[in-house]
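The next block holds one structure in the form of C-alpha cells; read it before the comments.
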Amino acid sequence: MNKRCYSVNEPTQTFAVVGAGQMGTGIAIVAAMNAKMRVKLMDVNKEQVDKSMKFAGMSAANVLTQQIIF
C-alpha cells in the first residue's frame, strides 16, 4: 500500500503551473504576487514561456509603480 504523508505544519513554498497561455500566466502572476510563492511555469513551447515571463515582469513593474504612487 502506498502511503503519502502530508504535513500541515509546513506551508507550501513552490507552486507549479502547467501551461503558459493566458490563463496559466494569470494564475502564475497571482500566486507569485498575492501568495508570495515561488512559481514554476511550464509549457511545451519555450517561446510561450518567454512571452509569459515578459508579461509577468511588466505586470510586476505596473504593480510596483502603483504602490509607489499611492
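The values are calculated or read from the model by the stated rules, or taken from the named source; none is laboratory data. Source: prediction; values computed, not measured. A quick note on method: Cβ atoms are made from the backbone with ideal geometry, for glycine too, and the neighbour counts reach across all protein chains shown. Accessible surface is based on the protein model in full, side chains and every heavy atom, while ligands, DNA and RNA are left aside. Shrake-Rupley method; radii C 1.70, N 1.55, O 1.52, S 1.80 Å.
Residue-by-condition table, conditions (1) at pLDDT below 85; (2) of a type in the set (S, T, Y); (3) open to solvent by less than 90 Å² (accessible area, probe 1.4 Å):
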position	(1), (2), (3)
A16	no, no, yes
G19	no, no, yes
G24	no, no, yes
A31	no, no, yes
M37	yes, no, yes
M53	no, no, no
N62	yes, no, no
I68	yes, no, no
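When the range 19-48 is filtered for residues that are more than 12 Å from the chain's Cα centre (by Cα), part of a helix (DSSP H, G or I) and touching a residue at least 12 places away in the same chain (Cβ under 8 Å), only Q48 remains.
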